[in-house]
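First up is the structure itself, then whatever we jot down about it.
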Amino acid sequence: MYFGGMQQNTFLLYGANGYTGELIARFAGNYGLQPVLAGRNEKAIRALAERLQLPCCILSLNNTDALQQQLSQTQLVVNAAGPYDVTAKPMVEACLQNGTHYIDLNGDLDVFNLLQTYDTQAREKGIMLLPGAGFDVVPTDCLALWLQQQLPDANLLEIAFAIEGSHLSRGTAITTLQKLGLPGAVRTNGHITPEPVGKTGRWVQFTGKPRRQFTMSIPWGDISTAFVSTRIPNIVTYTGVSRFTWLFLRAQAVFNPLLRAAWMHRLIQKIILRQAPGPDDNVRGKATSYIKAAVTNPQGQTLMGSMRCPEAYALTADATLLIAQKILSDKFTPGYQTPASAYGADLVMEIAGVTRWLEKEATW
């Protein structure tokens, strides 16, 4: 289906047939938006477009002419097609040529750092590049800025999160698979520093969660984005895992060659593809995401805040559409942005079901 004369409430949704892309397409009407569904899989895209009664186009990032033609008619692209280390660069470069805003659901540190290098070009074109418009990194980015605003001289940021009652989608699992055997990262004195995934583990009592949750250090997107938003030079991020998983990963140096092996990736991917595409509506409706973060200044003063959010994929769809709605209403800041640098610490509070508070005691 060809589309022309893009309306004010219309954007191109690339990767619409993926799990999160479909959620965005389904929820778009709640924000008064109409996505044009796009992707390479013609059968899946056309079936989804027919079911949702939305326009569509079949589009490959390898077809430069077709990509340029579509983007010349498009104010905004929402890239929901991972892995983003493959899709982000060609889509962003096409957006720059056509003056099209770009947002995505990326969570890969390398991709955040790559897209930052296009900041000057984006400013010159008057467009915004905002990767990480979903659960990674909207709530954590906003919480980080909120705390930093109350302790402006903070030089250490620690963020932990856990998701109760949900599970990974196929796409997220496959993207995670591609990172198996690779090092993690923290930010030290302003620089991203490689270190083993799970080097640090700690128990966290998330307020409202019945039991303490074990967490381990991982290279979450805030290692890049929170530095842009807050300028805090030392950042560590943690996610909830079982203690057994953490202990296994502590010995990862022994397993890394195996985890990086192509045959091992093929085996695990076959297992992933047998699973459901992602959590269903019932699971998403019951699941909860918990976030706890602390900022500390050189004098040792610590301020801690917490956040309770809807299920991660539901929040991703809502956050992406909220940001898309703002951009299409001409509310944007040209250049490379994070969610909090573009829209402030209270952006996440515009999403239904999100609560935020300061902890009386700064204890994990």
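Got the relative contact order for region 36-119 handy, in percent, Cα pairs under 8 Å and 6 or more residues apart? All intermediate terms of the calculation are to be shown ahead of the outcome.
Working: 86 pairs, mean separation 19.5, N = 84.
Rounded, it is 23 percent for region 36-119.
Give, in nm to one decimal, the length gained when the segment between R123 and S72 is fully stretched (0.36 nm per residue of separation minus the Cα-Cα distance).
Details: separation 51, 0.36 × 51 = 18.36 nm, distance 1.82 nm.
Residue separation times 0.36 nm, minus the Cα-Cα distance, leaves 16.5 nm.
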Practice prompt. Would you mind calculating the gained length between S242 and F27 on full extension (0.36 nm times residue separation, minus the Cα-Cα distance), in nm to one decimal?
Written response: 74.1 nm
Item to complete: Sum up the charges of everything whose Cβ sits under 13 Å from the Cβ of Q75, counting Lys and Arg as +1 and Asp and Glu as -1, but leave Q75 out.
Response: +2
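Where a number appears in this text, it was derived from the coordinates with a stated rule and is not lab data. Not measured: the values here are computed from a predicted model. Counting neighbours? That spans all protein chains shown, and the Cβs are built from the backbone with ideal geometry, glycine included.
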